[in-house]
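This report concerns only the one structure given below.
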Amino acid sequence: MTAKIAYRQVVDSLSSTLEDMGFSADGQVFRMTSDHGDHLIVELQRSSASSGDCVAFYVNLALVVAPKWSWDKARLGLPEDAGPGAAHGTWRGRLAQSRRGGGWRWKIMDEESATVVLSEIVADLREELPPLIRLMDRDNLRQAAIDRHGVLGPSSFWKIAAWLKAEDGATAELERFLKDLGQHPGSPVYDAVWSHALDLSAHRRSGHDDQSGQTQTRPT
């Protein structure tokens, strides 16, 4: 069995496992979507280190909160029904080879290595995903963002909290929250969050309560 065929079988097996856990497959991107439109993503990314005898790849993990993805779709000119990838994550991580002390890159050379790799990835996903799946409940996600501890790490929680606050529009509370975190007009996170909040406020004033974020008004 060639490395490419063995890799394809691993993808198919992972697809079945993840679908049983509530994910939907889109090629090699697997998404779980909450009622609020937040996405939990498992994505297989081929590595440039692959060769004819070896398929090397990463297992990317990501959490994409709905308001951030709405803003990204408008900014990138993507269709409304477009699905995010791991690169769009408000939080991003990678599955490491924890059982053999390796790095982030997984390698498949043949049927034997594919069996070992698949077993390890499935075991790691069953361990890593449950805390992330719990964040698909907005109450859990909001509380985690407030507490600023847990699986996502402190550097991601404040961004998630800011994007969730943006769903209420361009409020004084949101502006205060951003500035308390050292975010000011001109900083990328401030400009993105605040412009999306302004868009939502404008839509609501005009009687359209949606999150399409079609205008890109910069804060002043």
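The values are calculated or read from the model by the stated rules, or taken from the named source; none is laboratory data. All values reported here derive from a predicted model rather than from experimental measurement. Don't worry about glycine lacking a Cβ; one is built from the backbone with ideal geometry, like all the others, and counts go over all protein chains shown.
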Please note which strands (runs of 3 or more DSSP E) are completely contained in region 9-73 and include at least 3 residues that are in contact with a Gly (Cβ under 7 Å, 6 or more places away or on another chain) and assigned by TED's automatic domain parsing to the domain that holds V117.
29-33, 55-64
Looking at (1) without any contact (Cβ under 8 Å) to a residue 24 or more places away in the chain; (2) surrounded by 13 or more Cβ atoms within 10 Å (Cβ to Cβ); (3) within 27 Å of K165 (Cβ to Cβ), can you tell me which one E120 breaks?
(3)
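So that you can scan it fast, the table gives a plain yes or no per residue for (1) of a type in the set (G, A, S); (2) free of Cβ contacts under 8 Å to residues at least 24 places away in the same chain; (3) on the phi < 0 side of the Ramachandran plot:
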| site | (1), (2), (3) |
| --- | --- |
| R8 | no, yes, yes |
| S16 | yes, yes, yes |
| D26 | no, no, yes |
| M32 | no, no, yes |
| I41 | no, no, yes |
Being surrounded by 23 or more Cβ atoms within 10 Å (Cβ to Cβ) and not charged (D, E, K, R): is that true of V29 here?
no
Residue match in region 127-134 (condition: touching a His at 6+ places or on another chain (Cβ under 7 Å) and touching a residue at least 24 places away in the same chain (Cβ under 8 Å)):
no
Region 143-181, subset of a type in the set (K, R) and either free of Cβ contacts under 8 Å to residues at least 12 places away in the same chain or in contact with a helix residue (DSSP H, G or I) (Cβ under 6 Å, 6 or more places away or on another chain) (or both), residue nearest to G37 (Cα to Cα):
K165
Can you pull out every residue in region 123-142 that is of a type in the set (A, V, I, L, M), surrounded by 15 or more Cβ atoms within 10 Å (Cβ to Cβ) and in a helix (DSSP H, G or I)?
L125, L129, L132, I133, L141
Within region 61-116, of all residues that are aromatic (F, W, Y) and in contact with a His (Cβ under 8 Å, 6 or more places away or on another chain), the one nearest to S195 (Cα to Cα) is W71
Counting just the residues of region 57-78 that are in contact with a Phe, Trp or Tyr (Cβ under 7 Å, 6 or more places away or on another chain) and among the aliphatic types (A, V, I, L, M), which one comes out nearest to M109 (Cα to Cα)?
V59
For residues in region 48-76 being over 13 Å from the mean Cα position of the chain (by Cα) and aliphatic (A, V, I, L, M), which is surrounded by the fewest Cβ atoms within 10 Å (Cβ to Cβ)?
L76
